[in-house]
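What follows is a set of notes on a single structure, which appears directly below.
Only the coordinates and a few stated rules stand behind these numbers; no lab work does. The model shown is predicted, which means the values in this text are computed figures rather than measured ones. Note that each Cβ is placed from the backbone with ideal geometry, even for glycine, and that neighbours are counted across all protein chains shown.
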Amino acid sequence: MNLEKIMADLEKKNPGQPEFLQAVKEVLETIEDVVTENPKYEAANIIERIIEPDRVIKFKVQWMDDKGNVQVNRGYRVQFNNAIGPYKGGCRFHPSVTEGGLKFLGFEQIFKNSLTTLPMGGAKGGSDFDPKGKSNAEIMRFCQSFMAELYKYIGPDTDIPAGDIGVGGREIGYMFGMYKKLVGEHTGVFTGKGRGWGGSLIRPEATGFGNVYFAEEMLKTRGDSMKGKIVTVSGFGNVSWGSIIKATQLGARVVTISGPDGYVYDPDGINGEKIDYLLELRASNQDIVKPYTYEFPNAQFFEGKRPWEVKCDVALPCAIQNELNAQDAQNLINNGVICVSEGANMPCTPEAMEIFLKAKILYAPGKASNAGGVATSGLEQTQNAMKLNWTAEEVEDKLHQIMINIHEACVKYGKDEDGYVNYVKGSNVAGFIKVADAMIDQGVI
Ligand code: NDP
Ligand code: 2IT
């Protein structure tokens, strides 16, 4: 496999999409050996086929704001690969959303979903719509207009969207409502639904819970655990919230959260009522974390800074792609970090990742450590198909077991000769083999 040529061709075909190129390069670098050792993959030209999305759907979303002005946004759905199951992946509403960004996320989703062991293909969607400061009515009108186009391309056996940045229970509700009205069916076409109309218990917590379960499995390989650890978390959204709850339950002390305005350091730990307060902060639609320090004055706010300068044992980046760079990684290493587990998708830059791997700390890429979210989406689909609901304990037990299994797969495919587990390699190889073999089985279609 000629990596340089593949990357050069990809760059030519996808100008202005650096995040997509970054995600592809990381995967190809780590699966190179497997491809070389198994000529069937080159014979079927799997690499060129797997890096090209099945289709990118792009559409106009028109909606009216509360003042009566007509607004226009772009909507997208990237259906990347459905070799092992229907397309599956979240929707992101954020002004930074572009086609290239969604291609990176859809590509990552192929391997992540494969790792969960559930039958799900890879997809991602969203819009450059900015939910910040919008009224409830504006959010509803936007979601309805978005769905008026997207409904044509999705379905419970075709493509099942879910949440991501800027898309939570409220937005899923409005989109599902519109889908139901247009199609006339009450089906499991979305995951992350409300509890009373087909949603699964634990889905809101699942990504964060899974992330911490994965960190715990990594720590176990060194005879350690989360108990007593100082933990830094970035972001203050859904994934951060779930990670903080589970880390605290397992006896760790979480000392930071962050937002676009800076980070909050709370030496006493973010626990109890402070965790509940995070939901209020998020619901305020203000996009700032500083108010936390008004509510809990022992905490300090650091404007325009990122939490990676704080001394910690475990770091959980849970906000956005490329939020932790080489300097941040070096700060963490200098401060004695032993474990970094990604709640967000691709939060560490390639340079930061290199530093962690070189230092041989426990480092988990998001496609392994944040797979608990989509895995629990898969469990929601199963409950919908069976027309019954599992208890919170049943769902959490299954989620926990899935995270243990993903960890095992990473160890199986990622262990170096010296015994160090390269989780980047492990997750990419394990995820790739299943999808590539399915593509070969199904022929050139
Ligand atoms: P939320 O919208 O709930 O939270 C996102 C967090 O990231 C917020 O704190 C947000 O603050 C912050 N953020 C967004 N953009 C920026 C930016 N440009 N700079 C700094 N901070 C920013 O989303 P989620 O918690 O759902 O998602 C967080 C990450 O986890 C994403 O990478 C997502 O892809 C990933 N993920 C989510 C899963 C899920 O099930 N929800 C599953 C697996 C991964 P603000 O909005 O104020 O900018
Ligand atoms: O990045 C992700 O895995 C998600 N946003 C969750 C996708 C899903 O379908 O639950």
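Worth pointing out:
- Considering helices alone, the calculated mean residue ellipticity of the chain at 222 nm is -15000 deg cm²/dmol, with DSSP H runs of length four and up weighted by -39500 (n - 2.57) and normalised per residue.
- Length gained on full extension, Ile445 to Asp65: 132.4 nm, using 0.36 nm per residue less the C-alpha separation.
- Per-residue packing, averaged as other Cβ atoms within 10 Å, sorts the ranges 388-394, 31-37 into the order 31-37, 388-394, beginning with the highest.
- Legend: residue pairs Lys290/Lys360; Lys88/Lys246; Lys13/Lys180; Lys103/Lys180, Cα-Cα distance threshold 29 Å; pairs beyond threshold, Lys290/Lys360; Lys13/Lys180.
- Extension gain for the segment Asn2 to Asp130, taken as residue separation times 0.36 nm less the Cα-Cα distance, is 42.0 nm to one decimal.
- Val72-Asn45 pseudo-label distance in nm [points 7 Å out on the Cα-to-Cβ vector]: 3.8
- By the beta-carbon count within 10 Å of each Cβ, the least crowded to most crowded order of Glu108, Glu138, fewest first, is Glu138, Glu108.
- Here the calculated FRET efficiency for Ile288 and Lys358, from their Cβ-Cβ distance with R0 = 30 Å, stands at 0.25, rounded to the nearest 0.05.
- For the chain, the spherically averaged projection of the C-alpha convex hull amounts to 20.8 nm².
- For region 371-445, the number of Lys pairs separated by eight or more positions or lying on different chains, with C-alpha atoms closer than 16 Å, is 4.
- Each part gets one Cα centre, and for region 364-413 versus region 209-261 those centres are 18 Å apart.
- Of all aspartates and glutamates in the structure, the ones whose alpha carbon falls short of 19 Å from that of Lys229, not counting any fewer than 8 places away in one chain, are Glu216, Glu217, Asp266, Asp268, Glu309, Asp313, Glu342.
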